[in-house]
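Below: one structure, written as structure tokens.
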Amino acid sequence: MTINVGDKIPTMTLKTMVAGKPKDITSEEIFSGKRVVLFAVPGAFTPGCSMTHLPGYVVNADKIIAKGVDTIACIAVNDVFVMGAWGEAHNADHLLMLADGNGDFTRALGLEMDLTAHALGFRSQRYAMIVENGTVRTLSVEPGPGISISAAESIMAVL
């Protein structure tokens, strides 16, 4: 079952890099009492994710935060080291780079997709959501290939 607007974010533990070291971070730490833009990509260092999706949020981070957002978080079914390196490679200093290494969070949201035919395993669908105090307020899941409704510009329009 896919998460919907009005649903609470599941209680899970993810990973992020802090000072060059992996650190556990809970969904409560990320979302409780905050307004968060969370966007997901199928994979770090992949062409669309690296050339369009992530850069849109990096370039517009100040504008998004100015609209009352506490945290901009990027998540992928990749390990914490890959997410840390990808964030560094794209100057994503203002973003929280989250690793969902086994895809547990993605499955809990019901937003996984099977890319085994392309030797990529199970990954996250491409989406963006606005979460307020742990509750999903908007959810934009891309209907197919490409980046439109989950792009930074599209999310800024609904903030």
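Read the figures in this text as sums done on the coordinates, not as results from a lab. All figures in this text were calculated on a predicted structure; none of them were measured in a lab. Quick reminder, even Gly has a Cβ in these numbers, built from the backbone with ideal geometry, and neighbours come from all protein chains shown.
A few remarks follow.
- Taking label points 7 Å from Cα along the Cα-to-Cβ direction, S50 and A117 give a separation of 2.5 nm.
- J(HN,Hα) series, region 87-101, from Karplus relation 6.51 cos²θ - 1.76 cosθ + 1.60, nearest Hz, glycine and proline x: x, 4, 5, 10, 6, 8, 4, 8, 10, 8, 8, 10, 9, 10, x
- Multiplying the residue separation of I65 and D93 by 0.36 nm and subtracting their alpha-carbon distance yields 8.8 nm.
- This model, with +1 at the C-beta of Lys and Arg and -1 at the C-beta of Asp and Glu, gives the chain a dipole about its Cα centre of some 160 debye.
- The helix-based estimate of mean residue ellipticity at 222 nm for the chain, built from -39,500 (n - 2.57) per DSSP H run of four or more residues and divided by its residue count, is -6000 deg cm²/dmol to the nearest 500.
- Rg ratio (alpha-carbon, reference 2.2 N^0.38 Å) - the chain: 0.93
- Calculated on C-alpha atoms, the gyration radius of region 1-75 divided by its Kirkwood radius gives an Rg/Rh of 0.97.
- The alpha carbons of region 89-136 stretch over 35, 30, 16 Å along the principal axes, in descending order.
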